[in-house]
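A.B. asks: I'd like to ask some things about the structure below.
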Amino acid sequence: MSARAQIGVTGLAVMGRNLARNFARHGYTVAVHNRSYAKTESLVADHGTDGDFVPSESTADFVASIARPRKIVIMVKAGGPTDAVIDELIPHLEEGDVVIDGGNAHFPDTIRRERKLADLGLHFVGMGVSGGEEGALNGPSIMPGGPKESYATLGPILEDISAKVDGVPCCTWVGPDGAGHFVKMVHNGIEYADMQLIAEAYDLLRHGLDADAAEIGKIFEEWNAGDLESFLIEITADVLQHVDAETGKAFVDVVLDQAEQKGTGRWTVQNALDLGVPITGIAEATFARALSGSVPQREAGRAALASDAGTWDVTDRDAFVEDVRLALYASKVVAYSQGFDQIAAASAESGWGIDRGAMARIWRGGCIIRAKFLNRITEAYERDADLPLLIADPYFADIVGKGLQAWRRVVSQAALNGVPTPAFSSSLAYYDGVRAERLPAALIQAQRDFFGAHTYRRVDKDGTFHTEWSGDRTEHDA
Ligand code: NBP
């Protein structure tokens, strides 16, 4: 077996197959392998014309078919299967070879795997890939981590097959060890928030306008021509106008209202709790999916809980639609701002040195959250690479400020009319919290000192203090 392939892909389900085809279409000779050989055979039989594939049935032959230093992309089910494939590859690999995990690994697993392979003289790159099967084939957004030196040879190939926006590849080296999979995780968390916000906007329009799905689809279509232009708004317009062939009803009206999740939203929230970073938009989106799937609770709630809400009477329909649009944009900026805070906090803690502007740049194309407004985020971090709060960047502060009245109207009307808007409302609460001169946290500190002698600091002098609450209430240095 001559080692003529420039890259190898193992794991040829939907993602791996399309990624392999993407490499081949870009002129690379691609070694292909799958646990069950049938998938390898069908890839070559169905898509052999895409380019030069080198199929192998055994792991040994697969590895032997790749030129050194080998670059091998693993595209299998995340978790145990990834470890199984790595263990199977190791005996066949040689120093300097690069193993790339393109699955949705949890970043602590990536850190563990990188250490293990580094001890064996091998490079391990945890690579976030977004864009689903369509992106994998036609150009995904790629977030590779791992050792920087491996990017020197791997980077140009990945950039080649990634999506391009204005000729710029949606791929860059994110940072060492788990940084790539970490950023992919936050990307997915932001995706949860974005989807929830869009869903809430739809619900508001449905209740406020008493409009049907197709009418609302048209509104989203118009929104997609402005600041909100994005893949998710575009597909929402399409989905809302889709009619179910069987019943003739709007498709969205025949879909069961219980949202599922694969876990990346949950990981994002768990990590934010560890870091102490408030990502309320992502958290509310994750919990909203959980609420939708809480069937016994929803049945009990429906049966027992009063609404006591007014009848929503929107008089100026155009003004209401514009209010919802502005509220959606503002809430979306908050969700992204929080996600970028989380990236900054993790990057500082792990010494990853992640360039947040570059992350916004590589999300502009290929991925699920691709959007026009990501350009604005890149520009904000170009103005100030250490920006402490994205929403405080002059551009975002101005545009959100202009929509503030609309945002307040929408959230208060939703509350008065009994329409749940967890992500819209929590984003507004975050906005008001983060801009507040003074927060009631002072009272919380006083309570903590009262019952647990947890101490407090004062606004008027340095030091840490405790008051003898159950004694004579004198204050002393703690
Ligand atoms: P799946 O996640 O459905 O995994 C199927 C693949 O894993 C098959 O090739 C299967 O081999 C292989 N596999 C399994 Br399962 N257990 C194995 C084991 N013990 N040893 C070797 N191979 C094993 O495929 P996918 O939907 O193409 O996704 C691949 C990766 O990409 C996942 O980590 C996923 O989270 C990630 N991802 C998916 C998307 C998406 O939109 N689907 C987007 C971004 C990232 P077999 O054919 O022999 O059963």
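A.B. asks: Please enumerate the residues belonging to region 33-45 that are more than 9 Å from the ligand (Cβ to nearest atom), surrounded by fewer than 14 Cβ atoms within 10 Å (Cβ to Cβ) and within 24 Å of LYS71 (Cβ to Cβ).
C.D. replies: Within region 33-45, just SER42 meets the criteria.
A.B. asks: If you don't mind, another one. Which of the residues belonging to region 32-46 are over 31 Å from the mean Cα position of the chain (by Cα) and of a type outside the set (Ser, Thr, Tyr)?
C.D. replies: Within region 32-46, ALA38, GLU41, VAL44, ALA45, ASP46 qualify.
A.B. asks: Now, a different point. Taking region 59-86 as the search range and keeping residues that are surrounded by 15 or more Cβ atoms within 10 Å (Cβ to Cβ) and in a loop (DSSP other than H, G, I, E, B), which one is nearest to the chain's Cα centre (by Cα)?
C.D. replies: So the residue we want is ALA78.
A.B. asks: Quick check on region 17-31. Is at least one of its residues more than 10 Å from the ligand (Cβ to nearest atom), among the small types (Gly, Ala, Ser) and under 29 Å from the mean Cα position of the chain (by Cα)?
C.D. replies: yes
A.B. asks: Something else: So, in region 274-318, exactly how many residues are of a type in the set (A, V, I, L, M, F, W, C) and more than 21 Å from GLY418 (Cβ to Cβ)?
C.D. replies: Matching residues across region 274-318 total 5.
A.B. asks: Test of understanding: among SER65, SER130, which residue is farther than 25 Å from GLY189 by Cβ and among the polar types (S, T, N, Q)?
C.D. replies: One residue alone meets the criteria, SER65.
A.B. asks: Here is a further query. Being loosely packed, with under 15 Cβ neighbours inside 10 Å and outside any helix (DSSP H, G or I): is that true of GLY126 here?
C.D. replies: Values: loosely packed, with under 15 Cβ neighbours inside 10 Å: no; outside any helix (DSSP H, G or I): yes.
The answer is no for GLY126.
A.B. asks: Residue under question is GLY226, and the condition is that it be assigned to a loop (DSSP other than H, G, I, E, B) and either in contact with a Phe, Trp or Tyr (Cβ under 9 Å, 6 or more places away or on another chain) or closer than 30 Å to ASP318 by Cα (or both); does it hold?
C.D. replies: It is true that GLY226 is assigned to a loop (DSSP other than H, G, I, E, B) and either in contact with a Phe, Trp or Tyr (Cβ under 9 Å, 6 or more places away or on another chain) or closer than 30 Å to ASP318 by Cα (or both).
A.B. asks: If a residue must be small (Gly, Ala, Ser) and within 16 Å of the ligand (Cβ to nearest atom), how many such residues does region 118-159 contain?
C.D. replies: The total comes to 10.
A.B. asks: Which condition breaks for ARG70 when tested against (1) touching an Asp or Glu at 6+ places or on another chain (Cβ under 6 Å); (2) charged (D, E, K, R); (3) under 24 Å from LYS164 (Cβ atoms)?
C.D. replies: It is condition (3) that ARG70 fails.
A.B. asks: Kindly list the number of the only condition in (1) in contact (Cβ under 8 Å) with a residue 60 or more places away in the chain; (2) more than 8 Å from the ligand (Cβ to nearest atom); (3) in a helix (DSSP H, G or I); (4) surrounded by 15 or more Cβ atoms within 10 Å (Cβ to Cβ) that fails for PRO108.
C.D. replies: Here PRO108 meets the rest and fails (4).
A.B. asks: Let me ask something else about it. Looking at ASP386, ASP308, ASP355, ASP313, can you tell me which residue is farther than 24 Å from ARG206 by Cβ, out of contact with any Ser or Thr (no Cβ under 9 Å at 6 or more places or on another chain) and not β-branched (Val, Ile, Thr)?
C.D. replies: The match here is ASP386.
Residues are listed down the side, and each one gets a yes or a no for (1) at pLDDT 95 or above; (2) over 30 Å from GLY351 (Cα atoms); (3) in contact with a strand residue (DSSP E or B) (Cβ under 8 Å, 6 or more places away or on another chain):
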position	(1), (2), (3)
LYS184	yes, no, yes
GLY189	yes, no, no
GLN196	yes, yes, no
ALA201	yes, yes, no
GLU234	yes, yes, no
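A.B. asks: Condition check: aliphatic (A, V, I, L, M), modelled with pLDDT of 95 or more, surrounded by 12 or more Cβ atoms within 10 Å (Cβ to Cβ) and more than 14 Å from the chain's Cα centre (by Cα). Does ALA290 satisfy that?
C.D. replies: Values: aliphatic (A, V, I, L, M): yes; modelled with pLDDT of 95 or more: yes; surrounded by 12 or more Cβ atoms within 10 Å (Cβ to Cβ): yes; more than 14 Å from the chain's Cα centre (by Cα): yes.
Judged against the criteria, ALA290 is a match.
A.B. asks: Something else now. From the list ILE66, ILE90, which residue is at negative phi and away from the ligand (no atom under 16 Å from the Cβ)?
C.D. replies: Just one listed residue meets the conditions, ILE66.
A.B. asks: Among the residues of region 114-124, is any basic (Lys, Arg) and farther than 23 Å from ALA24 by Cβ?
C.D. replies: yes
A.B. asks: Picking from LEU443, LEU428, which residue would you name as being within 18 Å of GLU200 (Cα to Cα) and among the aliphatic types (A, V, I, L, M)?
C.D. replies: Step by step, each of LEU443, LEU428 is checked, and only LEU428 is within 18 Å of GLU200 (Cα to Cα) and among the aliphatic types (A, V, I, L, M).
The values are calculated or read from the model by the stated rules, or taken from the named source; none is laboratory data. All of these numbers come straight from a predicted model, not from anything done at the bench. In this analysis, Cβ positions are derived from the backbone assuming ideal geometry, glycine residues included, and neighbour counts consider all displayed protein chains.
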